[in-house]
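To start, the structure under review is shown below, and the notes come after it.
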Amino acid sequence: MTVKTAVSEITIERFREEFGDALQTNVPLARYTSARVGGPADMVLVVHNAGDLLTAVQLAYTKRIPYFIIGGGSNILISDSGIRGLVIVNRARQVSFRHTGLGVVCTAESGMNLSSLTRQCIGKGLGGLEWAVGIPGTVGGAVVGNAGAHGGDIQAILQAATVWEPGRGVTVYSNEKMAYAYRTSELKRDQEKIRTRRVVLAAEFKLKPAPVEILTARADGFNAKRKQSQPGGASMGSMFKNPENYYAGYLIETAGLKGFQIGNARISEKHANFFVSDGDAKAEDIRDLIAEAWNSVREQFGVEMDLEVELIGNWEFDERS
Ligand SMILES: Cc1cc2nc3c(=O)[nH]c(=O)nc-3n(C[C@H](O)[C@H](O)[C@H](O)COP(=O)(O)OP(=O)(O)OC[C@H]3O[C@@H](n4cnc5c(N)ncnc54)[C@H](O)[C@@H]3O)c2cc1C
């Protein structure tokens, strides 16, 4: 498949001046996603601190080229034709702790892996994040999508997030300003509307001291439950949000679609809301599975499910090769 780039040589040179060889061009994105699916980006930059993340988005914004942040790539499906403009892979992972009168505030850069952060907090005897153990992806992705599991979520523990707003600069968002709801936030809703996305640089979490053994046992219990109910391998986690009064997985399973396969993509036999790649799946195959599940559930139950996974890239002009 041939794809037209959206970036001029002059712009690439400008990024090279700033970031040297860390700036790569025409890079397949599959390696940066948990589904191992997705075509190339014109430019990819892996950043290792929040300062470089900020510099990169500001430069993209002033150069008027589209930009997109990938954290763990565990909640996105990138089209086979990839992403035009700049993709920033966020590995900014600095973490610090501050004692307050009531507990401890943990500040994490947005590229920190959420599950590793959880284990770090547990090791320090700090409770509040145990539900997040085993959730792939970064703090940034979790803050934007209000990640949650086992009755806990980001909304319950976020004190504030440091956010870069295009054209405005860096500002602090309180928990209220994030306007959280089930697997969404002000930032996620905004992404559906505009091209120039806001970027989470860091987040602060309110944690409470607790015995390490109790926190460890809780996290291990959650992890065991996850392993028992969810398939391993390449996936994006839950494909659809649970509709009110239903579980998406139950609806898809009852529609008879467990194990249904298109190309190398399959609806998991273990959990029907997980769509797994058996190796060389195409994004297009997964999108066709999404359409099949959505249509079958609507026909059989009259329920229109909303995607939890975000479709990124150009879908209209993808062609099967
Ligand atoms: C096996 C498996 C199990 C899962 N289980 C759960 C679960 O139990 N609960 C749950 O909630 N989710 C679950 N997920 C989904 C996913 O792990 C979470 O949604 C996770 O929080 C996504 O983080 P990420 O860094 O991978 O985001 P990405 O997929 O990289 O990005 C998601 C969106 O957030 C944006 N984004 C990422 N970082 C930033 C940033 N710094 N600033 C602004 N925007 C940003 C991206 O641009 C994109 O729009 C699961 C996924 C898998 C594969």
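The values are calculated or read from the model by the stated rules, or taken from the named source; none is laboratory data. Keep in mind that what you see is a predicted model, and the values were worked out from it rather than measured. Note that we place each Cβ from the backbone using ideal geometry, even for glycine, and neighbour counts take in every protein chain shown.
Quick notes on this structure:
- Subset of region 166-185 (residues that are in contact with a strand residue (DSSP E or B) (Cβ under 6 Å, 6 or more places away or on another chain) and either near the ligand (Cβ under 7 Å from one of its atoms) or in contact (Cβ under 8 Å) with a residue 24 or more places away in the chain (or both)): Val170
- Per this entry, Ser185 is counted among residues that are of a type in the set (Gly, Ala, Ser) and over 30 Å from Lys258 (Cβ atoms).
- Within region 118-143, residues that are at pLDDT 95 or above sit with their Cβ atoms under 6 Å from residues that are of a type in the set (Ser, Thr, Tyr) and surrounded by 22 or more Cβ atoms within 10 Å (Cβ to Cβ), at 6+ positions apart or across chains, in these pairs: Leu129/Thr118; Ala132/Thr118; Val133/Thr118; Pro136/Ser74; Gly137/Ser74; Val139/Ser110; Gly140/Ser110.
- Any hit, region 134-144, residues being under 17 Å from the mean Cα position of the chain (by Cα) and of a type in the set (S, T, N, Q): yes
- Residue identified as assigned by TED's automatic domain parsing to the domain that holds Thr196, within 13 Å of the ligand (Cβ to nearest atom) and either assigned to a strand (DSSP E or B) or more than 30 Å from Pro231 (Cα to Cα) (or both) among Ala41, Ala108, Ala56: Ala108
Residues are listed down the side, and each one gets a yes or a no for (1) of a type outside the set (S, T, N, Q); (2) within 14 Å of the ligand (Cβ to nearest atom):
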| residue | (1), (2) |
| --- | --- |
| Arg198 | yes, yes |
| Lys206 | yes, no |
| Ile214 | yes, no |
| Ala234 | yes, yes |
| Ser238 | no, yes |
| Glu244 | yes, no |
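- Yes/no for Glu176 being more than 18 Å from the chain's Cα centre (by Cα) and charged (D, E, K, R): yes
- Residues being assigned to a loop (DSSP other than H, G, I, E, B) and more than 15 Å from the chain's Cα centre (by Cα) - total across region 204-239: 6
- Among the residues of region 92-101, just one is in a loop (DSSP other than H, G, I, E, B), more than 12 Å from Glu204 (Cβ to Cβ) and free of Cβ contacts under 8 Å to residues at least 40 places away in the same chain, namely Gly101.
- Within region 59-81, restricting attention to residues that are assigned to a loop (DSSP other than H, G, I, E, B) and more than 9 Å from the ligand (Cβ to nearest atom), the residue that is surrounded by the fewest Cβ atoms within 10 Å (Cβ to Cβ) is Arg64.
- Residue within region 307-321 that is acidic (Asp, Glu), within 20 Å of the chain's Cα centre (by Cα) and surrounded by fewer than 19 Cβ atoms within 10 Å (Cβ to Cβ) present: yes
- Selection of region 113-135 for residues being under 25 Å from Ala179 (Cβ atoms) and near the ligand (Cβ under 10 Å from one of its atoms) yields Leu114, Trp131, Ala132, Ile135.
- One residue from Ala293, Ala272 being assigned to a loop (DSSP other than H, G, I, E, B), outside the structural domain of Gly127 (by TED's automatic domain parsing) and either buried (at least 17 other Cβ atoms within 10 Å of the Cβ) or at positive phi (or both): Ala272
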